[in-house]
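Visitor: Have a look at the structure that comes next, please.
The values are calculated or read from the model by the stated rules, or taken from the named source; none is laboratory data. These numbers come from a predicted model, not from an experiment. Here Cβ is always computed from backbone atoms with ideal geometry, including for glycine, and neighbour counts include all displayed protein chains. These area figures cover heavy atoms from the full protein model, side chains too; ligands, DNA and RNA do not enter into them. Shrake-Rupley method; radii C 1.70, N 1.55, O 1.52, S 1.80 Å.
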Amino acid sequence: MARIVMKFGGTSVANLERIYNVARHVKREVDAGHEVAVVVSAMSGKTNELVDWVQNMPKVAGADSPFYDAREYDAVVASGEQVTSGLLAIALQSMGVNARSWQGWQIPIKTDNAHGAARIQEIDGAEIIRRMGEGQVAVVAGFQGIGPDNRIATLGRGGSDTSAVAIAAGVKADRCDIYTDVDGVYTTDPRIEPKARRLKKIAFEEMLEMASLGAKVLQVRSVELAMVHKVRTFVRSSFEDPDAPGMGDLLNPPGTLICDEEEIVEQEVVTGIAYAKDEAQISLRRLADRPGVSAAIFGPLAEAHINVDMIVQNISEDGSKTDMTFTVPSGDVDKALSVLGSNKEKIGFDVVQSEKGLVKVSVIGIGMRSHAGVAATAFKALAEKGINIKAITTSEIKISILIDGPYAELAVRTLHSCYGLDKN
Ligand code: ADP
Ligand code: ASP
Ligand code: MG
């Protein structure tokens, strides 16, 4: 007997038939004698609709900024998961499986106060464990918990993955299965590159980079938690026949295992390619080249909670003036420009330029630590396709390259093939 947490994403619970199918997956594990807790997302598209409602409430004439109370945002957007948790419990009960739904506050899943992007601080797994021992399946609404203000708090988009891994850690599960619309983690997004290959295993560090650099198959925070708490996490498909051979395999279920680097026998130099759309570039021209100028720029941006990513400073030609270029999410450009504008005197630049709609493509692999020439291969391959590089950043296990938006798919496919990822 094992203790398993199963998470089902939005497409997996998109309608009643699919929820019924999810119930069959759950029943399979229950029938095998395992203790099971399930985490569900909202039906696909539902969270977007709820966010849209919050953002488009008509405003009093003359009011400009889209202002709303983040606690009420959470009250609204958390409702999607409430619906699916109840529906799945009903489907399970109809199959004779003892099940009940749980909202985040009922467990409770305690979070911090950062409404809209809250972090889980503590989960009391005792009651869930007790009931699992009695054969009851807990169907938990993902994406939500309760803040210190006693209000519902949501965990940021894609947060049900994090709910699942946190619950798995909280109840000391043997395994956490993230069921989604693909049958594992691929060398790149299979929607962009049909030749992408499914990985049998991927190291935590690599998955963390893939997720942070745009692969939305897992929320970044869920990978961090899995790594810290050593949760054995699999990504697998909910669309396969729940009773197909091997689906209930305890040690080697079909899918991708996220694991320690040491567990991977044949480590490739490059493991995957990720991409993030909607990046924007801001350039400050003819800045004074003096100590403190970076602090004068990035201090106020940080205070305004603007996430600055790549930073490139040019060498100054005459020793007195330089240019500084950096990237921010496209949605933050207007805010960044206004912050820079109001600090113009203090920073001391001549003009500011910005460009939206850029894309960051990234090459990821632990093997890069011990191999030279990985970046040069990428630059050469992109040059051969006539793709212009606007900025580059690197770390020990990744290279990120900023390019024009329309080249995104070509760049992903080019990088994917130049490292031989489309070959078996
Ligand atoms: P869910 O609703 O189940 O949480 P998501 O849409 O959040 O599912 O994540 C699954 C999607 O992630 C896939 O449909 C796929 O298009 C995308 N994806 C991006 N990069 C990868 C990758 N490297 N491997 C697998 N899927 C990826
Ligand atoms: N429903 C939430 C979202 O769409 C959480 C999730 O699905 O993981 O972001
Ligand atoms: Mg998701």
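Visitor: To the nearest Å, what is the center-to-center distance of segment 369-424 and segment 122-177, using C-alpha atoms only?
Guide: For segment 369-424 versus segment 122-177, the Cα centre distance is 39 Å.
Visitor: Once phi is turned into ³J(HN,Hα) by the Karplus curve 6.51 cos²θ - 1.76 cosθ + 1.60 with θ = phi - 60°, what whole-Hz value does each residue of segment 213-220 show in order, with x for glycine and proline?
Guide: Ordered by residue, 3J(HN,Hα) equals 9, x, 6, 7, 4, 9, 6, 3 Hz.
Visitor: On to the next question. Less than 19 Å from a label point 7 Å out along the Cα-to-Cβ axis of Asp318: which backbone N atoms in segment 280-300 qualify, by residue?
Guide: 284-291
Visitor: Could you list which residues have their amide H under 5 Å from that of Val139, counting only those 5 or more apart in sequence or on another chain, with H placed in the peptide plane?
Guide: It is Val38, Arg100, Ser101, Trp102, by chain and number.
Visitor: What pairs in Lys344/Lys385; Lys195/Lys398; Lys200/Lys380; Lys321/Lys360 have C-alpha atoms more than 31 Å from each other?
Guide: Lys344/Lys385
Visitor: With a probe of 1.4 Å, find how much accessible area segment 270-424 has per residue, and write the answer as a whole number in Å².
Guide: Per residue, segment 270-424 has 48 Å² of solvent-accessible surface.
Visitor: Something else about it: With the full set of protein chains in place, find how many percent of the accessible area of segment 139-197 is carbon and sulfur; take the probe as 1.4 Å.
Guide: Solvent-exposed carbon and sulfur of segment 139-197 make up 48 percent of the total.
Visitor: Apply the Karplus parameterisation 6.51 cos²θ - 1.76 cosθ + 1.60, with θ equal to phi minus 60°, to every residue of segment 3-14 and state each ³J(HN,Hα) to the nearest whole Hz, in sequence, with x for glycine and proline.
Guide: 10, 10, 9, 10, 10, 10, x, x, 5, 6, 10, 5
Visitor: Still on this structure, I have one more. Before anything else, pin down the relative contact order of segment 1-147: Cα pairs under 8 Å, at least 6 apart, normalised by residue count, whole percent.
Guide: It comes to 28 percent, rounded to a whole number.
Visitor: Here's another thing I want to ask about it. Give the cross-link partners of Lys172 among the lysines, using a straight C-alpha distance below 20 Å as the criterion and excluding same-chain residues fewer than 8 apart.
Guide: Within reach: Lys7, Lys110, Lys230.
Visitor: Starting from the exponent 0.38 and prefactor 2.2 Å, build the expected Rg for the chain from its residue count and divide its actual Cα Rg by it.
Guide: 1.07
Visitor: Also, I was wondering about something else. With every protein chain present, what accessible area does Trp105 have (1.4 Å probe, heavy atoms only), rounded to the nearest 10 Å²?
Guide: Roll a 1.4 Å probe over it and Trp105 shows about 130 Å².
Visitor: What three numbers, in Å, describe the spread of the alpha carbons of segment 7-120 along their principal axes, ordered from the longest?
Guide: Principal axes ranked by extent give 61, 30, 16 Å for the Cα atoms.
Visitor: Still on this structure, I have one more. Given a Förster distance of 35 Å, report the FRET efficiency between Glu268 and Gln353 from their Cβ-Cβ distance, rounded to the nearest 0.05.
Guide: The computed FRET efficiency comes out at 0.35.
Visitor: Let me ask something else about it. Sorting Ser342, Ser316 by accessible area (1.4 Å probe), largest first, what list results?
Guide: Ser342, Ser316
Visitor: Still on this model: At 1.4 Å probe radius, can you tell me the per residue accessible area of segment 1-153 in Å²?
Guide: With all protein chains present, segment 1-153 gives 46 Å² per residue.
Visitor: Points 7 angstrom from Cα along the Cβ direction at Glu261 and Asn113: gap in nanometres?
Guide: If labels sit at Glu261 and Asn113, their model points lie 3.9 nm apart.
Visitor: Taking the simple approach of a point 7 Å from Cα along Cα-to-Cβ for both Gln55 and Leu16, what is their distance in nm?
Guide: Taking the simple label geometry, Gln55 and Leu16 are separated by 3.2 nm.
Visitor: With a 1.4 Å probe and all protein chains left in place, how much of the accessible area of segment 269-424 comes from carbon and sulfur atoms, in whole percent?
Guide: Roughly 49 percent, rounded to a whole number.
Visitor: Run the accessible area of segment 47-133 with a 1.4 Å probe and give the carbon-and-sulfur part as a rounded percent.
Guide: Carbon plus sulfur share of accessible area: 53 percent.
Visitor: Starting with the highest mean, order 370-377, 189-196, 77-84 by the number of other Cβ atoms within 10 Å, averaged over the residues of each peptide.
Guide: My ranking of the peptides, most packed first, is 77-84, 189-196, 370-377.
Visitor: From the helices alone, meaning DSSP H stretches of at least four residues, give me the mean residue ellipticity at 222 nm for the chain, per-run term -39500 (n - 2.57), in deg cm²/dmol to the nearest 500.
Guide: It lands at -9500 deg cm²/dmol.
Visitor: Moving to a separate point now. According to a simple spin-label model (label point 7 Å from Cα along Cα-to-Cβ), what is the distance in nm between Val308 and Arg100?
Guide: 5.2 nm
Visitor: Along the positive direction of the dipole of the chain (beta-carbon charges: Lys, Arg +1; Asp, Glu -1; about the Cα centre), which of Gln82, His416, Asn307 reaches farthest?
Guide: Gln82
Visitor: Turning to a different aspect of this structure: Over the chain, what is the mean sequence separation of C-alpha contacts under 8 Å (at least six apart), divided by residue count, expressed as relative contact order in percent?
Guide: Computed over the chain, the figure is 14 percent.
Visitor: Sorting check: for 303-310, 3-10, 326-333, 159-166, which peptide has the highest mean count of neighbouring beta carbons within 10 Å, and how do the rest follow?
Guide: Taking the mean over residues of other Cβ atoms within 10 Å, the ranking is 159-166, 3-10, 326-333, 303-310.
Visitor: Further question on the same structure: Take peptides 177-188, 391-402 and line them up by average Cβ neighbours within 10 Å, highest first, as a rough protection proxy.
Guide: Descending packing order for the listed peptides: 177-188, 391-402.
Visitor: Now, a different point. Could you go through segment 385-393 in sequence order and give the Karplus-derived ³J(HN,Hα) for each residue, using 6.51 cos²θ - 1.76 cosθ + 1.60 with θ = phi - 60°, rounded to whole Hz, and x for Gly and Pro?
Guide: 8, x, 8, 7, 9, 9, 7, 9, 9
Visitor: Further question on the same structure: For Lys7, enumerate residues with amide H under 5 Å from its amide H, sequence gap 5+ or separate chain, H modeled in the peptide plane.
Guide: Hits under the 5 Å cutoff: Val39, Asp177, Ile178, Tyr179.
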